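Notes follow the structure.
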2 protein chains.
Amino acid sequence: MIAILAAFALVQASAAQSQGRVAPDARAPGEIAAAAPAADWVSIDASNLLVVDLAPDAAGRARRAVIELMPAPFAQGWIANIRTLASARWWDGTSVNRVQDNYVVQWGDATEKKPLPAGIRPAPATQYTIALPPAGIAAREARTPYAAGEGLYRGWPIGFAGDRAWPVHCYGMVGVGRNLAPDTGSGAELYAVIGHAPRHLDRNIALVGRVIAGIEHLSSLPRGTEALGFYKTAAERTPIARIRLASDLPAAERPAFESLSTDSASFRAYAEARANRRDAFFNVPAGGADVCNVPVPVRPAR
Amino acid sequence: MIAILAAFALVQASAAQSQGRVAPDARAPGEIAAAAPAADWVSIDASNLLVVDLAPDAAGRARRAVIELMPAPFAQGWIANIRTLASARWWDGTSVNRVQDNYVVQWGDATEKKPLPAGIRPAPATQYTIALPPAGIAAREARTPYAAGEGLYRGWPIGFAGDRAWPVHCYGMVGVGRNLAPDTGSGAELYAVIGHAPRHLDRNIALVGRVIAGIEHLSSLPRGTEALGFYKTAAERTPIARIRLASDLPAAERPAFESLSTDSASFRAYAEARANRRDAFFNVPAGGADVCNVPVPVRPAR
């Protein structure tokens, strides 16, 4: 019975897409993404992939997380610094120093005294936001407590109000630790969100990317027992073996990923299904989804 | 400078509260909760505390999570079953079988064949929702993608539309695993949310409580590598030593907690500060907060 329903839904979705609208789809969102044509998937440039290799775990297993850095016009000041830090191998031998439950995992130099490489420049707080895109916001949603609206722009979750837009703190997003303003952080201290979207941080801290693979190696680390989830002892910290841009790795070691274009018909159907689940498990569709409940599908490149 | 601002805010808040309104408060939300008078804290009845003792970790350290069960009118069919299961010591020797990143930790009988104790009764799906409360919804918010509105009622996050309301899937909330409808689950299979609020589950599964202590022992468990985060091998599962109602434990072993009343002036000030952070780190207040970003403060009883 379930298989028959799913096949029927495929026919419906196909007819609807040819008419340029999004029809109700009884497939699960993941099924819709998996069935998207190759043309709807976008290769992620190796120069936008930051590869984080933690020290192996207690059983000797490798632990790699991969971060996709944001494209322009987002946060390019900090991202330039991050490229410089990775090329200088600055993070090698640093550590994960803070894991706060339902909040963030943070890494960098625990001593806060390691000199930064040449070429690190402060990024202005004006780069926390961008000009509101004139068009191209997918899964646009005005019913949000946080702003005039939210949605996905060029593959990234944004909020917007007036003539400005900004990336938002969804699960897995990566941001730049900082001291009190006017400091904006250099990019040397980074964190990843591992809990419910802490949207109060939006526009207050720079976001620079998101974890697209291996987040479990960060999110399942032991929580720190000191204030803000910092570890009490150095022994509790997880060492970072190396952090590199994928484009700086030998071709054979270079990971490759692609993401579902948020401008595609497949993504529109996927987002609609995230907001209105009709697959077999569900009785009542939610009728909507906040932007952090529409994660962009990512997969290893084929 | 920060200390001076904080002292000034205390005076402001006090004046505003005596006039019955919520003034802007420059204290952090946690500071507001910590300063709440004793009368604003409500003791949680021991018969509503479900104590989950996992097997000790590899270093021999105890791992205890404590779940607060919902009061009436929420989900009392499943909660009656959960009391029966705990009294029958049914969970002792079962295990955590599934950990899916940014989603749920699930526990129960991995064989799915262990007989249930006498007295377990199916709960009707009508108990997924309750009648809309006529009043008493704190941090009420109409700007939500999910319903007509959301807020906190008698200490619990709810959504509502028309004449019905329902508890919502925030981080830490505990729900009842089930098979396809019309099954509603017995309460023997439970899960806790460990990621961004999966609001598409609201009204589709019974919620019965929330983890109020020790969630890190669940959220930091290794993720399962099979579909839906199930573990591949029995050895990966975390054994459950015992699950008891606190009221069934000897007085000396009984944990005790209290929560900040969502009907109190302190909670109103706390919720306002969650939506509009003015403490030193923040430059731009968010201007709002979804209900899952207003977690109810809980502390050990004093």
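What follows draws every value from the coordinates through simple rules; no lab data is involved. Predicted model only: the values in this text are computed from it and were never measured. Virtual Cβ from ideal backbone geometry, glycine too; neighbours counted across all protein chains shown.
Using Cα-Cα distances under 8 Å and only pairs 6 or more residues apart, what relative contact order does the stretch A:208-302 have, in percent?
For the stretch A:208-302, the relative contact order is 23 percent.
Would you mind working out the magnitude of the charge dipole of the stretch A:110-195 relative to its Cα centre, with +1 at each Lys and Arg C-beta and -1 at each Asp and Glu C-beta, to the nearest 20 Debye?
Using only the charged Cβ atoms, the result is roughly 120 debye.
Over what distance in Å are the Cα centres of the stretch A:19-70 and the stretch B:90-107 separated?
A separation of 26 Å, based on Cα centres.
Given N residues in chain B, what is its alpha carbon radius of gyration divided by 2.2 N^0.38 Å?
Output field value: 1.05.
Under a plain spin-label model, where a point goes 7 Å from the Cα along Cα-to-Cβ, how far apart in nm are residue A:47 and residue A:131?
Once both label points are built, they end up 2.3 nm from each other.
Using label points projected 7 Å from each Cα along Cα→Cβ, tell me how many nm separate residue A:283 and residue A:76, to one decimal.
Computed distance between label sites residue A:283 and residue A:76 equals 5.2 nm.
Of the options B:66, B:262, B:111, report the single residue whose Cα projects farthest towards the positive end of the charge dipole of chain B (beta-carbon charges: Lys, Arg +1; Asp, Glu -1).
It is B:111, whose Cα lies furthest towards the positive end.
How high is the relative contact order of the stretch A:46-255? Use alpha-carbon pairs under 8 Å, at least six apart in sequence, and give a whole percent.
About 33 percent, as a whole number.
Working from Cα positions, state the angle (0 to 90°, nearest 10) between the long axis of helix B:265-275 and the longest principal axis of chain B.
Helix B:265-275 sits at roughly 90 degrees to that axis.
Consider a paramagnetic label point 7 Å from the Cα of residue B:248 along Cα→Cβ; state which residues of the stretch B:204-220 have an amide N under 18 Å from it.
From the stretch B:204-220, the list is B:208-210.
Could you tell me the center-to-center distance, by alpha carbons, between the stretch A:188-228 and the stretch B:114-132 in angstrom?
That distance is 37 Å.
Once both axes come from the Cα atoms, what is the angle between helix B:76-87 and the longest principal axis of chain B, in degrees from 0 to 90, rounded to 10?
With rounding to tens, the tilt is 60 degrees.
Go ahead and run the numbers for FRET between residue A:140 and residue A:301, Cβ-Cβ distance against an R0 of 35 Å, rounding to 0.05.
Computed FRET efficiency for residue A:140 and residue A:301: 0.75.
Can you list the distances in nanometres, one decimal and ascending, from the residue B:134 label point to the identical position in each other copy, with the point 7 Å along Cα to Cβ?
For residue B:134, the other copies' label points sit at 5.5 nm, shortest first.
Rounded, prolate or oblate for the protein assembly as shown? Axes are the square roots of the Cα gyration tensor eigenvalues, ordered a ≥ b ≥ c, and the cut-off for rounded is a/c under 1.5.
rounded
Can you list the lysines whose alpha carbon sits under 21 Å from that of residue A:114, skipping same-chain ones fewer than 8 residues off?
Candidates past the 8-residue exclusion: A:232.
Quote the charge dipole size of the protein assembly as shown about the Cα centre in Debye, to the nearest 20; the model charges only the Cβ of Lys and Arg (+1) and of Asp and Glu (-1).
160 debye
Using just the helices of chain B, give the 222 nm mean residue ellipticity in deg cm²/dmol: DSSP H runs with n ≥ 4 each add -39,500 (n - 2.57), and the total is spread over all residues, rounded to 500.
The helix contribution divided over chain B gives -5000 deg cm²/dmol.
In debye, nearest 20: dipole of chain B around its Cα centre with unit charges on the Cβ of K, R (+) and D, E (-)?
Here chain B has a charge dipole of around 140 debye.
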